[in-house]
Amino acid sequence: MLKKIRRQRPIKGGRIPLPSCVLDEIYSKVRQLAREYNCSRSFVIATILAEGLGIKKQEKYYVND
């Protein structure tokens, strides 16, 4: 039986999509992390961007509550 993929919790006001084209190596690493942590690729990308930009209120894909 497949586990349900974890996604970010809903937030008031929703989220804004941020489309981007990336190098193959970036796509592959994001996909690998998403599979490893059983979460969506967008969850991985949002966490990495928030960490890089110093935004603390973004939940982390690697922290399982």
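The values are calculated or read from the model by the stated rules, or taken from the named source; none is laboratory data. As the structure is a prediction and not an experimental result, all values here were calculated from the model. Cβ coordinates were reconstructed from backbone atoms using ideal geometry, including for glycine residues, and neighbour counts include every protein chain displayed.
Some notes on this structure:
- Of all residues making up the stretch 38-59, the number that are among the aliphatic types (A, V, I, L, M) and on the phi > 0 side of the Ramachandran plot: 0
- Only listed residue being of a type outside the set (Val, Ile, Thr) and surrounded by 12 or more Cβ atoms within 10 Å (Cβ to Cβ), chosen from Cys39, Cys21: Cys39
- Exactly one residue out of Arg31, Arg15, Arg6 is of a type in the set (D, E, K, R), modelled with pLDDT of 95 or more and surrounded by 10 or more Cβ atoms within 10 Å (Cβ to Cβ), and it is Arg31.
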